[in-house]
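The values are calculated or read from the model by the stated rules, or taken from the named source; none is laboratory data. Given the structure is predicted, the values throughout are model-derived calculations rather than measurements. Don't worry about glycine lacking a Cβ; one is built from the backbone with ideal geometry, like all the others, and counts go over all protein chains shown. These accessible areas exclude ligands, DNA and RNA; they are computed on the full protein's heavy atoms, side chains included. Shrake-Rupley method; radii C 1.70, N 1.55, O 1.52, S 1.80 Å.
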Amino acid sequence: MKVLFYMPHADARAWLNDFARALPEADVREWRPGDTAPADFAVVWRPPREMLAGRDDLRAIFNLGAGVDAILALEHEHPGMLPRAAQLIRLEDSGMAPQMAEYVSHAVLRYLRRFDEYQMLQNEHRWQVLDPHPRDTFIVGVLGLGVLGSHVAHTLAGFGLPVRGYSRGMRVVDGVATFAGQAQFDAFLDGVKVLVNLLPHTPDTRDVLDVHTFSKLARGAYLINVARGAHLVEQDLLDALASGQLTAATLDVFREEPLPPDHPFWREPRITITPHVSALTLREESVAQVAQKITALIRGERVSGVVDIERGY
Ligand code: NAP
Ligand code: GLV
């Protein structure tokens, strides 16, 4: 069995060594431009079109992340490019859910306890006590209740905060009030104080963080975007901060990454920026998950995490 590996900026030797240990019978090689030799599986992150186009020998393509928007964008630009017979399978948690819960909890608690404002006061050497946010109206709304969103929502509920969650189909998450579908979108947003985005980037969710969405939130709400930059209408965020409809935002993802040095977000003190690190792909956990699924597919078993290409996630 032959496996192609491609992950820019990764320590390819370490990944290949881990795959060799997890799948001793497999021949796992790093894909390089021009490599058209046969392969049964591909394990990739943001692959170039040339790697996958016309590879009808592939049985499955494993995406080394939760979001498959980069691969589906290739297919959108070059219809028919993805090997028809190959399943596209994304990572499910594999160590990302706890990281995401840490990141989002930190951001929510920072706003709840007004540490962002205390930092600004400290910068001015000012000793001033701020009124606490009332906990019962500090409603956190989580967009997306999938593998990551449901874990994040459940973790936040553990702090005793009122938490809502929104998905396409109705989901049940312990301690979380859930809403589903476009018809319940405005009811979900109504009065939310912190909006957390964990939706996949699809044609349906692009630009979802816009002036309409912000206008439904509580006055002076907060935004935490950890999903994709394409979800956010950037000017609408700047306008909402200027008008006071939003108080602050924490952004981990951007339309253009790295965020260009002259981007206005860098100059806005109410925006906190991190470089797409809220949940990193962990090598050990990811290799174990992919190897287990390859083994199952070879045995003829079904696996979870298969992407619905039409749906986009
Ligand atoms: P997932 O398990 O596929 O969950 C997606 C959730 O979004 C599901 O609850 C789904 O609803 C909901 N959804 C999809 N389209 C919707 C729509 N049009 N309206 C309402 N709800 C919709 O994905 P995941 O593993 O949790 O990951 C979520 C995203 O996080 C990824 O796609 C990726 O972009 C991002 N991410 C970012 C980082 C980072 O470091 N910044 C790391 C990992 C992942 P149903 O439950 O009804 O299907
Ligand atoms: C990272 O952004 C991922 O989708 O896993």
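Considering only residues that are among the polar types (S, T, N, Q) and within 15 Å of the chain's Cα centre (by Cα), look in segment 272-286 and name the one that is surrounded by the fewest Cβ atoms within 10 Å (Cβ to Cβ). So that I can check it myself, show each step before the final result.
Quick first cut of segment 272-286, residues among the polar types (S, T, N, Q) only: 272, 274, 278, 281, 286.
Keeping just the survivors that are within 15 Å of the chain's Cα centre (by Cα) gives 274, 278, 281.
Numbers: 274: 13, 278: 26, 281: 17.
Across segment 272-286, the extreme among qualifying residues is 274.
If you go through segment 66-101 and keep only what is open to solvent by 40 Å² or more (accessible area, probe 1.4 Å) and away from ligand 2 (no atom under 15 Å from the Cβ), you end up with 76, 77, 78, 79, 80, 84, 85, 87.
A quick yes/no check of all residues on (1) outside any loop (DSSP other than H, G, I, E, B); (2) assigned by TED's automatic domain parsing to the domain that holds residue 266; (3) more than 16 Å from ligand 2 (Cβ to nearest atom):
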| position | (1), (2), (3) |
| --- | --- |
| 179 | yes, yes, yes |
| 183 | yes, yes, yes |
| 200 | no, yes, no |
| 206 | no, yes, no |
| 215 | yes, yes, yes |
| 227 | no, yes, no |
| 230 | yes, yes, no |
| 235 | yes, yes, yes |
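Is it fair to say residue 16 is outside any loop (DSSP other than H, G, I, E, B) and more than 20 Å from residue 282 (Cβ to Cβ)? In short, no. Being in contact with a Ser or Thr (Cβ under 6 Å, 6 or more places away or on another chain) and at pLDDT 95 or above, is that true of even one residue in segment 120-139? The answer is no; no qualifying residue exists.
In the same structural domain as residue 219 (by TED's automatic domain parsing), over 19 Å from residue 200 (Cα atoms) and in contact (Cβ under 8 Å) with a residue 40 or more places away in the chain: is that true of residue 261 in this structure? No; evaluated as a whole, the condition is false for this residue. Apart from one condition, residue 2 fits all of (1) within 16 Å of ligand 2 (Cβ to nearest atom); (2) open to solvent by 50 Å² or more (accessible area, probe 1.4 Å); (3) closer than 27 Å to residue 295 by Cβ; the exception is (1). A Cβ distance below 7 Å, combined with a sequence gap of six or more or placement on separate chains, defines the contacts here; from segment 292-313, residues that are under 16 Å from residue 66 (Cβ atoms) reach residues that are among the aromatic types (Phe, Trp, Tyr) in the pairs 307/313.
The single condition among (1) within 19 Å of the chain's Cα centre (by Cα); (2) open to solvent by less than 60 Å² (accessible area, probe 1.4 Å) that residue 258 does not meet is (2).
Yes or no, residue by residue, for (1) part of a strand (DSSP E or B); (2) under 27 Å from residue 63 (Cα atoms):
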| residue | (1), (2) |
| --- | --- |
| 239 | no, no |
| 256 | no, yes |
| 260 | no, yes |
| 269 | no, no |
| 272 | yes, no |
| 294 | no, yes |
| 300 | no, yes |
| 313 | no, yes |
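Filtered by the rule that a residue be in contact with a helix residue (DSSP H, G or I) (Cβ under 6 Å, 6 or more places away or on another chain), among the hydrophobic types (A, V, I, L, M, F, W, C) and within 9 Å of ligand 1 (Cβ to nearest atom), segment 194-238 gives 198, 208.
How many residues does segment 155-166 hold that are surrounded by fewer than 22 Cβ atoms within 10 Å (Cβ to Cβ) and touching a strand residue (DSSP E or B) at 6+ places or on another chain (Cβ under 8 Å)?
Within segment 155-166, the first condition is being surrounded by fewer than 22 Cβ atoms within 10 Å (Cβ to Cβ), and the residues that meet it are 155, 157-162.
Keeping just the survivors that are touching a strand residue (DSSP E or B) at 6+ places or on another chain (Cβ under 8 Å) gives 157, 161-162.
Count: 3.
Any idea which residue in segment 47-65 is farthest from ligand 2 (Cβ to nearest atom), counting only those that are touching a strand residue (DSSP E or B) at 6+ places or on another chain (Cβ under 9 Å) and open to solvent by 30 Å² or more (accessible area, probe 1.4 Å)? Step through it out loud before you land on a result.
Initial filter on segment 47-65 (touching a strand residue (DSSP E or B) at 6+ places or on another chain (Cβ under 9 Å)): 47-48, 51-52, 55, 57-65.
Then keep just the ones that are open to solvent by 30 Å² or more (accessible area, probe 1.4 Å); that gives 48, 57, 59.
Numbers: 48: 18, 57: 26, 59: 22 Å.
Among residues in segment 47-65 that are touching a strand residue (DSSP E or B) at 6+ places or on another chain (Cβ under 9 Å) and open to solvent by 30 Å² or more (accessible area, probe 1.4 Å), the one farthest from ligand 2 (Cβ to nearest atom) is 57.
In segment 180-188, is there at least one residue being under 22 Å from residue 97 (Cα atoms), surrounded by fewer than 20 Cβ atoms within 10 Å (Cβ to Cβ) and modelled with pLDDT of 95 or more?
First pass over segment 180-188, keeping only residues under 22 Å from residue 97 (Cα atoms): 180.
Retained after the next criterion (residues that are surrounded by fewer than 20 Cβ atoms within 10 Å (Cβ to Cβ)): 180.
Now restrict to residues that are modelled with pLDDT of 95 or more: 180.
Yes: one or more hits.
Here residue 94 passes the criteria (1) at pLDDT 95 or above; (2) touching a strand residue (DSSP E or B) at 6+ places or on another chain (Cβ under 9 Å) except the one numbered (2).
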